[in-house]
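Taking it in order: structure first as structure tokens, then the write-up.
The values are calculated or read from the model by the stated rules, or taken from the named source; none is laboratory data. Just so it is clear, the model here is predicted, and its values are computed rather than measured. Positions of Cβ are generated from backbone atoms using ideal geometry, with glycine treated the same way; all protein chains shown enter the neighbour counts. These accessible areas exclude ligands, DNA and RNA; they are computed on the full protein's heavy atoms, side chains included. Shrake-Rupley method; radii C 1.70, N 1.55, O 1.52, S 1.80 Å.
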Amino acid sequence: MKTNMDGDKLIIGGYEFNSRFILGSGKYDVELIKAAIKDAGAEMITLALRRANSSSENILEYIPENVTLLPNTSGARNAEEAVRIARLARELGCGNFVKIEVIRDSKYLLPDNQETIKATEILANDGFVVMPYMYPDLNVARDLVNAGASAIMPLASPIGSNRGLATKDFTRILIEEIDLPIIVDAGIGSPSQACEAMEMGAAAIMANTAIATSGDITAMASAFAKAIEAGRLAYLAGLGRVLDKGASASSPLTGFLAE
């Protein structure tokens with residue numbers, strides 16, 4: 001039986017993906033990677049340069065060749081550092097995808113939007129498929145589009161917090177106004193929150209901490225996969241209307257048996 005999801009692909013920079021779950025690998029764990037690929041169907045996994053260039057622990061050994069690598073510029077404090085990290089990752093064989101992270105704030109780990117715009121423009125002109133991580137702001141998102149971004153990755157709430165869609169209203173604006181995939185990143189703490197973001201029209205979800213810190217990594221990875229798929233299907237189907245006041249009977253209130 002055909003569904004609205006038949007042929008529904010996530011397209012980033014001209015590349016097609018069947019999965020709308022992206023694994024963030026900051027809390028690196030071999031079992032997490034295995035579960036994300038096997039049980040959540042992840043086709044894209046982030047990695048920090050220090051993970052790819054470590055003699056003692058090389059994350060690349062655990063990622064299948066058919067999974068797209070998404071190096072991030074973790075540790076960059078400005079555009080210049082982000083550009084240098086991205087170019088080093090490409091030289092190491094990590095490909096042309098890059099997630100821009102420029103963070104100067106060590107307490108809340110909030111992204112520097114202006115430096116992110118600068119890095120995005122430089123790397124897009126250098127042939128990268130750029131996916132910038134940003135605090136959701138419509139004007140910044142428009143500047144990122146003009147700078148050559150291939151997707152926009154607004155945070156849901158602070159990194160690693162599992163607090164969910166704290167920026168829901170602002171993220172919804174980006175989904176409605178920006179003609180690029182909006183990938184909700186950072187702070188998604190449960191499958192239900194991932195589903196809600198997908199119902200809003202998010203193109204994909206990036207998650208790490210919620211799965212890595214769960215009681216059963218394999219089961220949670222599977223739960224995220226199903227929630228993301230359910231949310232996407234609900235979005236494509238079109239959610240039912242919401243009444244601000246009163247109620248509406250789902251069955252007729254006339255024609256009772258005794259009449």
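Just to be sure I understand the model, the point goes 7 Å from the Cα along the line to the Cβ. What's the resulting Glu91 to Glu16 distance in nm?
3.6
Once you sort the root eigenvalues of the Cα gyration tensor of the stretch 138-259 as a ≥ b ≥ c, which label holds: rounded (a/c under 1.5), prolate (a/b larger than b/c) or oblate (the other case)?
oblate
Run the quick spin-label model on Lys9 and Ala166: label points 7 Å from Cα toward the beta carbon, then report their separation in nm to one decimal.
3.7
Ignoring ligands, DNA and RNA, what accessible area per residue does the chain give at 1.4 Å, in Å²?
51
Helix 168-177: angle to the longest alpha-carbon principal axis of the chain, degrees 0 to 90, nearest 10?
Rounded to the nearest ten degrees, it is 80.
Residue separation times 0.36 nm, minus the C-alpha to C-alpha distance between Ala237 and Asp216: what's the value?
Contour length minus Cα-Cα distance gives 4.4 nm.
Given the chain, what count of lysine pairs have C-alpha atoms under 24 Å apart, with each pair 8 or more places apart or on different chains?
21
Nearest 0.05, what FRET efficiency do Arg84 and Asn146 give at R0 = 22 Å with Cβ-Cβ as r?
Calculated transfer efficiency: 0.40.
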